[in-house]
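The values are calculated or read from the model by the stated rules, or taken from the named source; none is laboratory data. Since the model is a prediction, treat every value here as computed from it, not as a measurement. So basically every Cβ, Gly included, is an ideal-geometry build from the backbone, and we count neighbours across all protein chains shown.
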Amino acid sequence: MTRVQIRFRLQKPLDDAMMARISDAYSLYGIQRVQVAPSHDGLMVEYDATRLRPAEVESALAGAGIPVEPVA
């Protein structure tokens, strides 16, 4: 397993519903950890790079109702 971290910017303000979806993101295939940025406007996602690519992580988050965009 190769763990990689990627940062995302939230496209919507953080609210209780999105926090619940973020906590459920741990159940997504290959995602190891999701951490909210101290400024509450982004996420740091740790995932298994042998199972997922960055675009697939973004797609999985969007599918879970967490609208994000990658931070370059």
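Here is a list: R21, R3, R33, R53. Which entry is of a type outside the set (A, V, I, L, M) and touching a Gly at 6+ places or on another chain (Cβ under 6 Å)?
Criteria check complete, one pass: R21.
If you take just the strands (runs of 3 or more DSSP E) that sit entirely in the chain, which of them hold at least 1 residues that are free of Cβ contacts under 8 Å to residues at least 40 places away in the same chain and touching a helix residue (DSSP H, G or I) at 6+ places or on another chain (Cβ under 6 Å)?
Ranges flagged: 31-36.
What single numbered condition from (1) among the charged types (D, E, K, R); (2) touching a Ser or Thr at 6+ places or on another chain (Cβ under 8 Å); (3) modelled with pLDDT under 95 fails to hold for D48?
For D48, the failing item is (3).
Working only within segment 48-66, note down all residues that are over 9 Å from the mean Cα position of the chain (by Cα) and not polar (S, T, N, Q).
Passing the criteria: D48, A49, R51, L52, R53, P54, A55, E56, G63, A64, G65.
Among L28, L52, L14, which is of a type outside the set (G, A, S), in contact with a His (Cβ under 8 Å, 6 or more places away or on another chain) and surrounded by 12 or more Cβ atoms within 10 Å (Cβ to Cβ)?
One residue alone meets the criteria, L14.
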